[in-house]
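Take a look at the structure below.
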Amino acid sequence: MKNKKLVIKQTRKYGKGVFAGEDIKKGKVVRELSGERMTIDDFIRKVNSGKENINDPLQIGRRTYIDYDELSRTINHSCDPNCGIRKVKELFALRDIKKGEQITYDYSSIIAPTVWQMKCKCGSKNCRKIIKDVLSLPKKQREKYQKLGAFQTYMKVLLKEVDAGTYKTPKYEIRLLESLNKRYEGDTKINKRSRLSS
Ligand SMILES: [Zn+2]
């Protein structure tokens, strides 16, 4: 799969971000997000040993994550993003993107129901200020992502279960994530290194 040209640059306020190196048309694949596959146990071990930030891995299944490579993990969140993630980890354009624009996606769209939260200062008109898991998305926003196909395969199944009332909270995973949450408390809850868009 051909990845679009992307460049890592310093943003004005919030550290590094990823920018479009060329114009990208709506619906086009921006990048197949990449990194090593890991289980939730590997993920927790890495965070506890300081090798990983809790916001860095991408969940791709109920118990499976990928440990993002540098470019993938540098892509910032926005409450009004120009990209979304579909299939397993395919980043694609939600609208036409101009060369030089910062590439963003909505972190809430990829976070299964947990205790996760992060402060946001993305500056968009609809900024939610504190972002949480997928179920915290305003109805309109969720419907917009659904219409545009901006949910991962496993997340679509999960949302169907939630709507049908058959979703079971994964107790084991929640317990592990909560233990991390405590560790990060007092520091934007669990967001140690702010990765907010400028
Ligand atoms: Zn925001």
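Nothing in this text is a laboratory measurement; each read-out follows from the coordinates by a stated rule. Treat the numbers as computed from the prediction; the structure is a model and nothing was measured. Counting neighbours? That spans all protein chains shown, and the Cβs are built from the backbone with ideal geometry, glycine included.
Simple spin-label model, 7 Å along Cα-to-Cβ: residue 125 to residue 166 in nm?
About 4.0 nm separates the two model spin labels.
For residue 82, enumerate residues with amide H under 5 Å from its amide H, sequence gap 5+ or separate chain, H modeled in the peptide plane.
Residues meeting the criterion, in which the H sits 1.01 Å from N, are 104.
Rounded if a/c is under 1.5, else prolate if a/b beats b/c, else oblate: with a ≥ b ≥ c from the C-alpha gyration tensor eigenvalues square-rooted, which is the range 84-127? Don't skip to the end; give the middle numbers.
Numbers: a/c = 2.81, a/b = 1.22, b/c = 2.30.
The shape class here is oblate.
Under the rule of -39500 (n - 2.57) per DSSP H run of 4 or more residues, summed and divided by the residues of the chain, what mean residue ellipticity at 222 nm is obtained, to the nearest 500 deg cm²/dmol? If you can, show how the numbers build up before the last one.
Values: 5 runs with 50 residues, N = 198.
So the calculated ellipticity at 222 nm is -7500 deg cm²/dmol.
List the residues whose amide H sits under 5 Å from the amide H of residue 16, counting only those 5 or more places along or on another chain, with H placed 1.01 Å from N in the peptide plane.
The list, which skips near neighbours in sequence, is 11.
Net charge within 11 Å of residue 152 by Cβ-Cβ distance, Lys/Arg positive one each and Asp/Glu negative one each, not counting residue 152 itself?
Details: positive: 86, 87, 89, 156; negative: 90.
Within the 11 Å Cβ shell, the charges total +3.
To check you understand DSSP bridge types, tell me what percent of the beta bridges within the chain (both residues inside) are antiparallel, rounded to 5. Can you show the working numbers first?
Values: 23 of 27 bridges.
Around 85 percent of the beta bridges assigned by DSSP in the chain are antiparallel ones.
Spelling out what I want: for every residue of the range 161-172, take phi, set θ = phi - 60°, compute 6.51 cos²θ - 1.76 cosθ + 1.60 (Karplus), and round to whole Hz; glycine and proline get x.
Once θ is set to phi - 60°, the couplings for the range 161-172 become 5, 4, 5, 7, x, 9, 5, 10, 4, x, 4, 4 Hz.
Would you work out if the range 1-157 is rounded, prolate or oblate? Take a ≥ b ≥ c from the square roots of the eigenvalues of the alpha-carbon gyration tensor; rounded if a/c is under 1.5, else prolate when a/b is larger than b/c, oblate otherwise. List each step's numbers first, then the result.
Values: a/c = 1.32, a/b = 1.20, b/c = 1.10.
Since a/c stays below 1.5, the shape of the range 1-157 is classed as rounded.
Sort the following peptides by mean Cβ neighbour count (other Cβ atoms within 10 Å, averaged over residues), highest first: 107-115, 5-13, 120-128. Don't skip to the answer; put the middle values down first.
On the way: 107-115: 21.1, 5-13: 13.2, 120-128: 14.9.
Highest to lowest by the protection proxy: 107-115, 120-128, 5-13.
List the residues whose amide H sits under 5 Å from the amide H of residue 167, counting only those 5 or more places along or on another chain, with H placed 1.01 Å from N in the peptide plane.
162
Tell me the Rg and the Dmax, in Å, that the Cα atoms of the range 40-113 produce.
Cα-based Rg and Dmax for the range 40-113 come out at 13.2, 40 Å.
Normalising by the residue count of the chain, find the relative contact order in percent from Cα pairs under 8 Å and 6+ residues apart. Walk me through the numbers on the way to the answer.
Numbers: 385 pairs, mean separation 48.9, N = 198.
Computed over the chain, the figure is 25 percent.
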